Every structure is written in C-alpha cells, then in structure tokens.
Amino acid sequence: MAFRFLTSGESHGKCLTAIIEGIPAGIPLKPDDIDKHLARRQQGYGRGDRMKIEQDRVLINSGVRHGMTTGAPVCFEIENKDWQNWQVTMSSQAVDINNPSISELITQKKITHVRPGHADLPGALKYNHQDIRNVLERSSARETAARVAVGALASTILGIFNIEIFSHVLRIGPVNVDSESLPVNYNIIREFAEKSELRCADYSASIAMKKAIDEAKEAGDSFGGLFEVVALGVPVGLGSYVHWDKRLDGLIAQAIMSIPGIKTVSIGLGKASSEIPGSKLHDEIYPKNDDSKDYQRKTNHSGGIEGGISNGNPIVLKGAMKPIPTLKKPLKSINLENGEEHIAHYERSDVCAVPAAGIVGESMLAIVLLQAFLEKFGGDSLEEIKVNYENYCNMYQKR
Ligand code: EPS
C-alpha cells in the first residue's frame, strides 16, 4: 500500500491530527521518536510567544501496539494548549451570538483587514469567507507540527536503513553564512547546528543573524532566509526518469515548496549550475576503492540526483523562505468589509521562523524519500523490506 498522509486541524483549534497509511508492520515506535522532532521545530531565535504556550507532544491513537507498528493506519494527535483560550471563538458547535459575552469574544477575534503576503485575501475570496480567521486558522504554519510528526515517523524508518537527514541555516535576511568557515564534514555541521539557537553552523554568522532579528523585531518587521537539508546514506536508485511524476528531484521540489513561505527550492548547485560550463559542473566518476562498494565522486554538484534518480551521494537541497507576512508595523491594505484602505491586521506572530522551516524541510524530505524507498523496496513488514533492500544492494554493488 502506498505511503501517504493527510493532516487536519486549526492553529487555535483543539488539536492537529495526521492519518498515515502504508506504514509497514514491525517498526519499533515510541512517542519520544516523534516528540524530539516536535521540540526541535518549536525552537529557533525569533519565534513568537506561542511557542512558550505550546509543548508539542504526540498522542499515538492507532496503528501502533505495544510500541510496534501493526500495518494499520497510524493516527497522530498533537494537542493545542492555546485551545483553552479559544474554545468559544473556535468552537465547532454553533454559538449563541445573541449572548453579549459570546458575541464580544467572536467580534474581538474577527479579521477583515487582510495581510499582504498571507493567504488572507485570495483565501477569503476563494472560500467566500467574511471573517478571515477561517482562512488564517488553517493556513497558519502551525499545521507544520503535524507534518513534522509524520516526518519523524518517516525518519525513524529510514534510520533503520542508515539514512540520516539534517538541516542547517545558511541565511537570515541579509546575513549569510561564510561558506569558507563552514566545517567540510557534514556530521560536524550537523553537530554545530543542533547546538545553535539559529540552527546555524557558523558561529559568527549566527551572532549577526540574532542582531538582524532583534533589529527587525524592534522595527516591527520580519525576516526570511535560506536553509539547507541534507540526506546521508540514500541508496542509488530512488525515483526514476521514466515518468515526469516519478523524478525524485521533482517530488522533492514540490514537497519543499509546499512548506508555508517557501519561494525557491534548489538541488545541488541549483541556479549556479546554469552559470558554469558542463566541464566544471558534472561530477566525474571514479572506480570503487577498498572502503566503498560504490563508484566514487570527488564533487556533488548534482546534489545526489541524476536523471531524477538518487545516485548514492548525499541529497542536498536548499529552501528559501520569504519573511513572515504578519507585521507589527503593518503594510497598507484594505478592509474586506467595505473595500476601503486600511492597514493590515496584526496578531501575535514570529519575527523569523527559518530554523523551524529547516526542520519542516527535513520532514518533507524524509516523507518523499520514504515514499520512494517503499515504492522500490516495499513490503508489508519491516522484515520483508529488509530482505528486498539487501537483495538489491547485493545485486547492484556487484556491478
Ligand atoms: C506557529 C503557530 C502560530 C504562529 C506561526 C507558527 O501561532 P500563533 O498564530 O498563535 O502565534 O506562531 O504561524 C505563522 C507565523 C503564520 O503566519 O501562520 C507554529 O506552531 O509554528
């Protein structure tokens, strides 16, 4: 059965939910495998006060018995602690708007002044909403908590096959990491990023990034930036060139672009690939050596994908995120009730969420890689998949 998932839930509703289908039986899974990634998503310098309210934890409602997946659909639930403050405003039941205290609560939270850059205006027009809260609640990046839970499950399964995924931040607003000062070893980049408040492996850049975020906060502004996601240990052969919708790079691009705020996705050298001659771009191939059963490369400009297929090198992608559209110093906009000029709505938000977007990027990459992995090596139990995987590795490594 194909691995796929759906999420549901509003930012200030009762909870977020994910239903995941196609998870094989026999995968050991405990709540902490998920919770540790939920906690990583909540961190990062520049987050707003919501992250002080929430302590995201997963409830595993189905598909897992005695710490082991059963092959049945898995249901994850993440409670919104802030729901306590929104029970009337976000009630799924009809409310008595003739009751003055109820109507006051709902009016207070009603939004009609659309934010440029957010889903507010197109969302309200598309779904014919008068109160933009109906748009904001689902378009909020809070939904990414559910995706991170699914991604954590995907990473747990990939981890059994020694596929490891991590992210780090390369830019916040105008402040770039100095590529010369980044460690060359991915494991060290990962270790430094995990210890950094900005998930940035360049210490001096991270100080300048914090300053930029502080200045943006002071000015009522926000910043986007750039993150990199790396997958190590991916075998040769995920994805395919035979159909447009089987190409691994295409699938990854869609998944990363689906993260709120992402404006560009690149793989390997990305745009720079179009600027240098082929003789300098393509990664030359060398014979196998004593330490490796795979053919060797000295560079990885392709980002681990050739012809829409993983080539055994690390998969390396970058996602560029725009600044969060909710601005304390709001932009010019309109009041959707009468079409007249009005400054945009402001409510609690983040100044910068690029480190968190990197974690969501890890999750989306894990999801796409697991889909491709199960398509190639799929079976209904972990044991069956292990046999398929080992057979394939033994076969191609002889060549
Ligand atoms: C988010 C929760 C939200 C925002 C943020 C991401 O919580 P609240 O709206 O209650 O402050 O902090 O969402 C946005 C920035 C956005 O534009 O939607 C989260 O859990 O990541």
Margin query: Just the residues that are farther than 28 Å from S222 by Cα and either within 11 Å of the ligand (Cβ to nearest atom) or hydroxyl-bearing (S, T, Y) (or both), please, taken from the stretch 48-83.
Written below: S62, T69, T70
Note to self: Among the numbered criteria (1) within 16 Å of the ligand (Cβ to nearest atom); (2) free of Cβ contacts under 8 Å to residues at least 40 places away in the same chain, which one does S139 miss?
What the structure shows: (2)
Note to self: Regarding the stretch 105-115, can at least one residue be identified that is within 15 Å of the ligand (Cβ to nearest atom) and under 18 Å from S8 (Cα atoms)?
What the structure shows: no
Margin query: Of everything in the stretch 28-44, what is touching a helix residue (DSSP H, G or I) at 6+ places or on another chain (Cβ under 9 Å) and part of a helix (DSSP H, G or I)? Give them in sequence order.
Written below: D33, I34, D35, K36, H37, L38, R40, R41, Q42
Checklist line | Residue ID - nearest to the chain's Cα centre (by Cα), chosen from residues in the stretch 110-128 that are without any contact (Cβ under 8 Å) to a residue 60 or more places away in the chain and buried (at least 16 other Cβ atoms within 10 Å of the Cβ) | finding: A119
Notebook entry, point to check: Within the stretch 222-266, which residues are in a loop (DSSP other than H, G, I, E, B) and farther than 23 Å from R41 by Cβ?
Noted result: P235, V236, G237, L238, G239, S240, Y241, V242, H243, R247
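Which is acidic (D, E), open to solvent by 70 Å² or more (accessible area, probe 1.4 Å) and modelled with pLDDT of 95 or more, of E191, E228?
Checking each option against the conditions leaves just E191.
Listed here are the residues, each with its yes/no results for (1) assigned to a loop (DSSP other than H, G, I, E, B); (2) open to solvent by less than 70 Å² (accessible area, probe 1.4 Å).
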site: S349; (1), (2): yes, yes
site: G361; (1), (2): no, yes
site: M364; (1), (2): no, yes
site: A372; (1), (2): no, yes
site: N391; (1), (2): no, no
Notebook entry, point to check: Given (1) exposed (fewer than 15 other Cβ atoms within 10 Å of the Cβ); (2) at pLDDT below 95; (3) small (G, A, S), where does G378 come up short, assuming only one miss?
Noted result: (1)
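Name every residue in the stretch 252-306 that is within 30 Å of S222 (Cβ to Cβ), open to solvent by 70 Å² or more (accessible area, probe 1.4 Å) and either in contact with a strand residue (DSSP E or B) (Cβ under 7 Å, 6 or more places away or on another chain) or among the hydrophobic types (A, V, I, L, M, F, W, C) (or both), in order of residue number. Can you show your working first?
Residues of the stretch 252-306 within 30 Å of S222 (Cβ to Cβ): 252-272, 303.
Cutting the leftovers down to open to solvent by 70 Å² or more (accessible area, probe 1.4 Å) gives us 254, 257, 263-264, 271.
Across the stretch 252-306, the qualifying residues are M257, K263, T264.
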Next item on the list: Show the residue pairs that are 6+ apart or on different chains and have beta-carbon atoms under 6 Å apart, the first residue being within the stretch 90-104 and over 25 Å from G9 (Cβ atoms), the second being modelled with pLDDT under 95 and assigned to a loop (DSSP other than H, G, I, E, B).
Entry: S103/I97
Next item on the list: Give me the pairs, please: first residue somewhere in the stretch 151-180 and on the phi > 0 side of the Ramachandran plot, second residue anywhere and in a loop (DSSP other than H, G, I, E, B), beta-carbon distance under 8 Å, and either six or more positions apart or on two chains.
Entry: N162/G233; G173/F223; G173/G224; G173/P323; G173/C352
Check: What tally of residues in the stretch 323-347 results from selecting those that are surrounded by 14 or more Cβ atoms within 10 Å (Cβ to Cβ) and assigned to a loop (DSSP other than H, G, I, E, B)?
Finding: 11
Next item on the list: Output the residues belonging to the stretch 208-223 that are surrounded by 13 or more Cβ atoms within 10 Å (Cβ to Cβ) and without any contact (Cβ under 8 Å) to a residue 12 or more places away in the chain.
Entry: D214, E215
Note to self: Pull out all pairs, ordered by first then second residue, where Cβ-Cβ is under 6 Å, the residues are six or more apart or on different chains, the first lies in the stretch 256-277 and is farther than 30 Å from V150 by Cβ and in contact (Cβ under 8 Å) with a residue 12 or more places away in the chain, and the second is hydrophobic (A, V, I, L, M, F, W, C) and away from the ligand (no atom under 16 Å from the Cβ).
What the structure shows: S273/L281
Notebook entry, point to check: Among the numbered criteria (1) closer than 29 Å to I256 by Cβ; (2) within 16 Å of the ligand (Cβ to nearest atom); (3) buried (at least 18 other Cβ atoms within 10 Å of the Cβ), which single criterion is violated by W86?
Noted result: (1)
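Considering each residue of the stretch 28-47, count those that are away from the ligand (no atom under 16 Å from the Cβ) and open to solvent by less than 20 Å² (accessible area, probe 1.4 Å), and give that number.
Keep residues of the stretch 28-47 that are away from the ligand (no atom under 16 Å from the Cβ), which gives 28-33, 36.
Okay, now just the ones that are also open to solvent by less than 20 Å² (accessible area, probe 1.4 Å), so 29, 33.
Residues in the stretch 28-47 being away from the ligand (no atom under 16 Å from the Cβ) and open to solvent by less than 20 Å² (accessible area, probe 1.4 Å): 2 in total.
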Margin query: Checking N98 against (1) assigned to a helix (DSSP H, G or I); (2) over 28 Å from the mean Cα position of the chain (by Cα): exactly one of these is not met. Which one?
Written below: (1)
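Residues in the stretch 366-376: is at least one of a type outside the set (S, T, Y) and over 27 Å from the mean Cα position of the chain (by Cα)? Give the steps one after another, and end with the answer.
Taking the stretch 366-376 and keeping what is of a type outside the set (S, T, Y), we get 366-376.
After this cut, where a residue has to be over 27 Å from the mean Cα position of the chain (by Cα) as well, the list is none.
So far as the stretch 366-376 goes, no, none of its residues is of a type outside the set (S, T, Y) and over 27 Å from the mean Cα position of the chain (by Cα).
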Margin query: Tell me the residue from A145, A152 that is modelled with pLDDT of 95 or more, crowded, with 16+ Cβ neighbours inside 10 Å, among the small types (G, A, S) and within 14 Å of the ligand (Cβ to nearest atom), please.
Written below: A145
Next item on the list: For the stretch 48-80, enumerate the residues that are of a type in the set (K, R), surrounded by 15 or more Cβ atoms within 10 Å (Cβ to Cβ) and at pLDDT 95 or above.
Entry: R57
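What about I20, is it open to solvent by less than 10 Å² (accessible area, probe 1.4 Å), closer than 16 Å to A145 by Cα and away from the ligand (no atom under 16 Å from the Cβ)? Don't jump to the end; show me each part of the working.
Details: open to solvent by less than 10 Å² (accessible area, probe 1.4 Å): yes; closer than 16 Å to A145 by Cα: yes; away from the ligand (no atom under 16 Å from the Cβ): yes.
When the stated conditions are applied, I20 passes them.
The values are calculated or read from the model by the stated rules, or taken from the named source; none is laboratory data. This one's a predicted model, so the numbers in the text were calculated from it and none came from an experiment. Please note: Cβ atoms are built from the backbone with ideal geometry, for glycine as well, and neighbour counts cover all protein chains shown. For the accessible areas, the whole protein counts, side chains as well, though only heavy atoms, and no ligand, DNA or RNA atoms are used. Shrake-Rupley method; radii C 1.70, N 1.55, O 1.52, S 1.80 Å.
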